[in-house]
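Okay, so here's the structure we're looking at.
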Amino acid sequence: MPGLIVKVRDMRGHYEFELTQLRQLVPPVAIAPPAAGAKPITKPEFRRGKAKFDRNGLVQLMASGNIRFNSSEEAQAARQKGKEQAKRKNNPLELK
């Protein structure tokens, strides 16, 4: 590379990233290839899937068995918290 970016921020000033440390990982970290059967998708497909997960992510996680609650009250509280967090997700890093 011709140079190293050590600081970057968005035009609105909402996000700022600054390099604070540079070190070699020992042992080097391997990047895993996509899982077998992974299907490439387009950006619009990704956005639709992300929007669906943002609306119903907890329901999808519960259906998959990856998350369980001890009571229906606990599940309802988690749903409510998820809805509140989704409302705050109004500042995407990538502008459209």
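The values are calculated or read from the model by the stated rules, or taken from the named source; none is laboratory data. Owing to the predicted nature of the structure, the values given are computational and were not obtained by experimental measurement. Note: ideal-geometry Cβ built from the backbone for every residue, glycine included; neighbour counts use all protein chains shown. The accessibility values were calculated without ligands, DNA or RNA, using every heavy atom of the protein model including side chains. Shrake-Rupley method; radii C 1.70, N 1.55, O 1.52, S 1.80 Å.
All conditions but one from (1) open to solvent by 100 Å² or more (accessible area, probe 1.4 Å); (2) over 18 Å from the mean Cα position of the chain (by Cα); (3) modelled with pLDDT of 80 or more apply to G37; the one that does not is (1).
Residues considered: N66, N70. Of these, the only one that is at pLDDT below 80, open to solvent by 70 Å² or more (accessible area, probe 1.4 Å) and on the phi < 0 side of the Ramachandran plot is N66.
Selection of the range 2-34 for residues being surrounded by fewer than 10 Cβ atoms within 10 Å (Cβ to Cβ) and either on the phi > 0 side of the Ramachandran plot or not in a loop (DSSP other than H, G, I, E, B) (or both) yields K7, G13, E16, E18.
Filter the range 45-63 down to the residues that are free of Cβ contacts under 8 Å to residues at least 24 places away in the same chain and small (G, A, S), then identify the one that is most open to solvent (accessible area, probe 1.4 Å).
The initial filter retains those residues of the range 45-63 that are free of Cβ contacts under 8 Å to residues at least 24 places away in the same chain, namely 45-53, 56, 59-63.
Restricting the remaining residues to those that are small (G, A, S) gives 49, 51, 63.
Working: G49: 40, A51: 40, A63: 88 Å².
Among them, the one singled out is A63.
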